[in-house]
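The values are calculated or read from the model by the stated rules, or taken from the named source; none is laboratory data. In this text the structure is predicted, and so the values were computed from the model without any measurement. No Cβ is skipped: glycine too gets one built from the backbone with ideal geometry, and neighbour counts run over all protein chains shown.
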Amino acid sequence: MEWSDEGLVLARRHHGETSAVVSLFTSGHGRHLGLVRGGSGRRAAGLYDIGNVVGVRWRARLEEQLGTFAGELVEAMAARVLDDAVPLECLASAMALLEAVLPERQPYGPLYAATRALLDGLDSQTLGADMVRWELGVLTALGFGLDLGSCALTGTVQGLAYVSPRSGRAVNAQAGAAYAGRLLALPAFLTDPAAARDAAAADVAAGLVLTGHFIERHLLAPVRRQMPPARLRLVDRWSRGARLPAP
């Protein structure tokens, strides 16, 4: 068995004295693991830095085997943002989240393209809002998209300010006022793309709390996994930027 593809490095774990098991999110083969011989060495470690885009060839005698990766660097995403804390944390959070929630060997082409777009825009002024929207895309790709188009109680599309933590549907400010303490905040940039440029740290933090609630409920809890530490650090950063207590 053999195939070639492009992939994002999600994780790398030492295996034996000199090898490593690398987890990639590939364009056509989904999240796929492979053994990299010599993967613990300096050269391979730089090639398989978290977030890097690599071209790989996977080989195995049988399809169900772990198989081996042989790769070459396409783009060094990690090195590009090494000296910029916020993009670096966004990169680490995105890769850790995909590693935690994606099933193995199931292709998610549109999600792969959206992830490449997110990483290509790590220097964007709207990175915080982009990160929240990308996480909504992860939920949608895995079958748990939220309904933010209209109010669940009135059907209106104006003044949407909350999301039901149970149904994942939007609620407008007036209808939800009496239940505000039990609803999740809906930042304006999720219903008005033009608001992304003016999104404050508090808006991004609220968006990450919103997506995080449904990621934990639908994607992590059923398989008894915890939210990745890299993602927790990202929420903490935006909460501190907004001077909010971390959730």
- Item | Candidates 146, 139, 153, 220, filtered to the one that is at pLDDT 95 or above, surrounded by 14 or more Cβ atoms within 10 Å (Cβ to Cβ) and farther than 21 Å from residue 95 by Cβ | 146
- Item | In the range 36-60, the residues that are of a type in the set (A, V, I, L, M, F, W, C) and over 18 Å from residue 10 (Cβ atoms) | 60
- Task: Would you tally the residues in the range 35-70 being surrounded by 18 or more Cβ atoms within 10 Å (Cβ to Cβ), in contact with a Gly (Cβ under 9 Å, 6 or more places away or on another chain) and not in a strand (DSSP E or B)?
- Result: 5
- Task: May I ask you to say which residue of 32, 14 is at pLDDT below 90, part of a strand (DSSP E or B) and either surrounded by fewer than 22 Cβ atoms within 10 Å (Cβ to Cβ) or touching a Phe, Trp or Tyr at 6+ places or on another chain (Cβ under 8 Å) (or both)?
- Result: 14
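Select from the range 156-167 the residues that are surrounded by fewer than 20 Cβ atoms within 10 Å (Cβ to Cβ) and either in contact with a Ser or Thr (Cβ under 8 Å, 6 or more places away or on another chain) or not assigned by TED's automatic domain parsing to the domain that holds residue 203 (or both) and write down the one among them that is nearest to residue 232 (Cα to Cα). If you could, list the steps in order and put the result at the bottom.
Looking only at the range 156-167, we keep the residues that are surrounded by fewer than 20 Cβ atoms within 10 Å (Cβ to Cβ), and these are 156-159, 164-167.
Then drop every residue that is not either in contact with a Ser or Thr (Cβ under 8 Å, 6 or more places away or on another chain) or not assigned by TED's automatic domain parsing to the domain that holds residue 203 (or both), which leaves 156-157.
Numbers: 156: 34, 157: 32 Å.
It comes out as 157.
Looking at residue 210, is it touching a helix residue (DSSP H, G or I) at 6+ places or on another chain (Cβ under 6 Å), of a type outside the set (Val, Ile, Thr) and either under 28 Å from residue 107 (Cβ atoms) or at pLDDT 95 or above (or both)? So that I can check it myself, show each step before the final result.
Values: touching a helix residue (DSSP H, G or I) at 6+ places or on another chain (Cβ under 6 Å): no; of a type outside the set (Val, Ile, Thr): yes; either under 28 Å from residue 107 (Cβ atoms) or at pLDDT 95 or above (or both): yes.
Spelling it out, it is not the case that residue 210 is touching a helix residue (DSSP H, G or I) at 6+ places or on another chain (Cβ under 6 Å), of a type outside the set (Val, Ile, Thr) and either under 28 Å from residue 107 (Cβ atoms) or at pLDDT 95 or above (or both).
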- Residue that is surrounded by the fewest Cβ atoms within 10 Å (Cβ to Cβ) [pool: residues in the range 169-199 that are over 21 Å from residue 150 (Cβ atoms) and touching a residue at least 40 places away in the same chain (Cβ under 8 Å)]: 197
- Message: If I go through the range 17-29 residue by residue, how many of them are within 16 Å of residue 103 (Cβ to Cβ) and in a strand (DSSP E or B)?
- Response: 4
- Tally time: how many residues in the range 16-65 are of a type in the set (A, V, I, L, M, F, W, C) and over 29 Å from residue 90 (Cα atoms)? 2
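Please state which one of 113, 96 is under 26 Å from residue 1 (Cα atoms) and either assigned to a helix (DSSP H, G or I) or not assigned by TED's automatic domain parsing to the domain that holds residue 211 (or both). It would help to see each step written out before you state the result.
Details: 96 fails: under 26 Å from residue 1 (Cα atoms).
Only one candidate passes the filter, namely 113.
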- A careful count of residues in the range 200-211 that are farther than 17 Å from residue 159 by Cα, among the small types (Gly, Ala, Ser) and touching a residue at least 60 places away in the same chain (Cβ under 8 Å) gives 1
